[in-house]
Each structure stands twice: as structure tokens, then as C-alpha cells.
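What follows is one structure encoded as C-alpha cells, with my remarks underneath.
The values are calculated or read from the model by the stated rules, or taken from the named source; none is laboratory data. Here the structure is a predicted model, which is why all the values come from computation and not from measurement. Quick reminder, even Gly has a Cβ in these numbers, built from the backbone with ideal geometry, and neighbours come from all protein chains shown.
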Amino acid sequence: MAHQCALVSAVMKQRYFDDLKVGDRFKSEPLRVTEKKLIEFADKFDPQMFHLSRKGAERTIFKGLIASGWHTAAMTMRLFVQTLNFAKGAIGLGVDKLRWPNAVRPGDVLTVETRILGVRPSRSRPRYAIVRLRNVTTNQRGEVMQTMLASAMVRRRLRRRALKPADNRTTDPKTTGPKQ
């Protein structure tokens, strides 16, 4: 199986900004990296020998096939999105300090831990808020494969306003009294 990640977004309630607080942590379901998917991604988006061919990769500094860092970032994004399941999505505002301290290899099983670092309402879009977060992607041995700091805009929970009539008059004949 290419992906062994549970589709938590289908069964989990959607999250809003209002559901988060600084210090919250979320851990994803695991995702298995296959050689086939690794090579397919590299062929389309990062066609370098250490991503495309087991034999060619053995002669490189990596001594074997590795995933593109961009593939690692894409898998991290998938796990992040499925785990937090933001209502209306998470709009990326930027990524800071993206690092790949270790190479992802075929057979690795990745998980992502997300920690909420900061939260604040958006100044320009009242229905949204800004979340500052840190994602750490690890493999089955607990080795750190990717780290990143990021900011995202997420939807705030809408407050229902009570409907009020245009004025204080009522149309109920029992309470309006006789016409004059």
C-alpha cells in the first residue's frame, strides 16, 4: 500500500481557530513511503539521480535512494492537513526555517507532530485568524526528517447573531391592540 494514513478528515470534527491554544500538540497517523511513489514524485518534480534510480543513488553521497526534500514537505503537508482538519482549510502565509536534517528513504514510516506556537485574530479579515506553528516530521526510529516553522490563516467559528426586527413593532393582533 502506498499510503497507510487514516483519512481522519472524513470522520473527525472540523477545527477552527477558536479550538486552538498556544502549546497544543497534535500527532498524525503514520504514512509509509514506498519506492514507487518516491520515484514517481522525483520523476515529475525533482529529477535527480539520487531520487530516480536505486543503482544510480548507490554511487552518490547518500549511498542509496532518497526522497526529494520537496516530497518530504508534500507528505508532511498531507499529514498536517489530515490531522488538524481545519474548517475551510489552512491558508499558508509562509514557511520559515524549513530543514531536512535526514533523508527519507523507501520503507520509512513518517509521522508529523504539530505544536501551536501562537494564535491571534487577523487584523484585516475578521472571520480569520493567524496561527503560528512548528511541524516536526519523524520516521519510525524517531529520527527527525524535517522541521519547519510556518504561519497559516484559518477560519474563526462564526457567531450566530440573534435576528431582530427592524423596529419594536409587532404584527400579532393580540398584542397590538385595536386599530385607531
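Data overview
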read-out	value
Residues being at pLDDT 95 or above and of a type in the set (Asp, Glu) - total across the stretch 46-98	2
Conditions (1) within 16 Å of ALA73 (Cβ to Cβ); (2) modelled with pLDDT of 95 or more: number failed by LEU117	(1)
Selected residue (only one of PHE80, PHE41 is closer than 19 Å to MET145 by Cα, under 12 Å from the mean Cα position of the chain (by Cα) and of a type in the set (Phe, Trp, Tyr))	PHE80
Single residue of the stretch 97-127 satisfying the filter (in contact with a Pro (Cβ under 9 Å, 6 or more places away or on another chain) and crowded, with 17+ Cβ neighbours inside 10 Å) that is farthest from HIS51 (Cα to Cα)	THR111
Single match in GLY94, GLY56, GLY89 (criterion: surrounded by fewer than 18 Cβ atoms within 10 Å (Cβ to Cβ) and either farther than 29 Å from SER122 by Cβ or in contact with a His (Cβ under 6 Å, 6 or more places away or on another chain) (or both))	GLY56
Residues of the stretch 94-110 satisfying the condition of being touching a strand residue (DSSP E or B) at 6+ places or on another chain (Cβ under 6 Å) and within 19 Å of TRP70 (Cβ to Cβ)	GLY94, VAL95, ASP96, LYS97, LEU98, ARG99, TRP100, PRO101, ASN102, VAL104, LEU110
Yes/no for ILE130 being surrounded by 16 or more Cβ atoms within 10 Å (Cβ to Cβ), more than 14 Å from LYS27 (Cα to Cα) and either within 19 Å of the chain's Cα centre (by Cα) or not aliphatic (A, V, I, L, M) (or both)	yes
Residue match in the stretch 76-87 (condition: more than 30 Å from ARG155 (Cβ to Cβ) and without any contact (Cβ under 8 Å) to a residue 12 or more places away in the chain)	no
